[in-house]
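What follows is a set of notes on a single structure, which appears directly below.
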Amino acid sequence: MQLLLYITIFFSGACLVSFLNVVGSEDLDQLFSLRRSHCDFCQKQLSLINIIPILSYLKQFGKSNCCNNPISLIYPLTETLGGIFLLLFYILKNDFWFILPIFATLILLAFSDYYKGYIYPYYYLLLLPAFIMHITHLYYLQALIFLILLKIFQMLVNGIGSGDIDVLVMVCLLFGIPFAIKALLFACIFCLVVFSINQKRSFRFIPYLTVSIGVNYLIFDLKIFSFPELFQFGLTN
């Protein structure tokens, strides 16, 4: 029964990421047109069985059924990571309902930045439950100081975008300056790794920040490498 619960949570995370992928990639007029999922290549409407996260990619051997074009790896990769992250958050049970809106918001921002290079401000409304739940524990002064420092850096170097600053200040408000700085450093490291592989000159930074924030939260807040604790949760819950 416990295994069934974990599988359900994993696929819930994968489905959430799949849905946010669609929302983040569509423009407003397309998003509210009630158009069903379609092939990225030939625009043919997809059947229900062809939009099941992860499983549909495996079933189709990574190719579109309608036109036999290769399906981007970003779909199964992000869906799998989303399922794993959500499952780990649940197993380690550290403010799961506080983390869930943050998890959803960051993923939506990452997809929007990745596909379009910009984000809609109203996406931040998804964070309201997290802010309300922890309104007395937010790092207001630290977030203000961090905002000023980032704005100064932006004016002097012009090496960071306004959307990146929004995300970093939001993270600082929720978790404090030390966490935000670690997230920023890890994101820069991820960028350097990608640059060393494909020599890409420009980066849309929010996807790297999103991965970095998730990794930092698991490592430093949930202490994911405390394996005995993780196994204890998995066996006794």
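Tabulated results
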| item | result |
| --- | --- |
| Selection count, the stretch 75-90, where residues are surrounded by fewer than 18 Cβ atoms within 10 Å (Cβ to Cβ) and in contact (Cβ under 8 Å) with a residue 40 or more places away in the chain | 3 |
| Options 189, 181; residue that is open to solvent by 60 Å² or more (accessible area, probe 1.4 Å) and more than 18 Å from residue 110 (Cβ to Cβ) | 181 |
| Among the residues listed as 100, 55, 73, 5, the single one being closer than 19 Å to residue 213 by Cα and modelled with pLDDT of 75 or more | 100 |
| Enumeration of residues in the stretch 146-162 that are modelled with pLDDT of 90 or more and of a type in the set (Val, Ile, Thr) | 148, 152 |
| Boolean, residue 174 is assigned to a helix (DSSP H, G or I) and exposed (fewer than 15 other Cβ atoms within 10 Å of the Cβ) | no |
| Test: residue in the stretch 137-145 that is open to solvent by 40 Å² or more (accessible area, probe 1.4 Å), aromatic (Phe, Trp, Tyr), modelled with pLDDT of 95 or more and assigned to a loop (DSSP other than H, G, I, E, B) | yes |
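The values are calculated or read from the model by the stated rules, or taken from the named source; none is laboratory data. Since the structure is predicted, the reported quantities are computational estimates derived from the model, not experimental observations. Cβ sites come from the backbone with ideal geometry, for glycine too, and all protein chains shown count toward neighbours. With ligands, DNA and RNA removed, areas are computed over all heavy atoms of the protein, side chains included. Shrake-Rupley method; radii C 1.70, N 1.55, O 1.52, S 1.80 Å.
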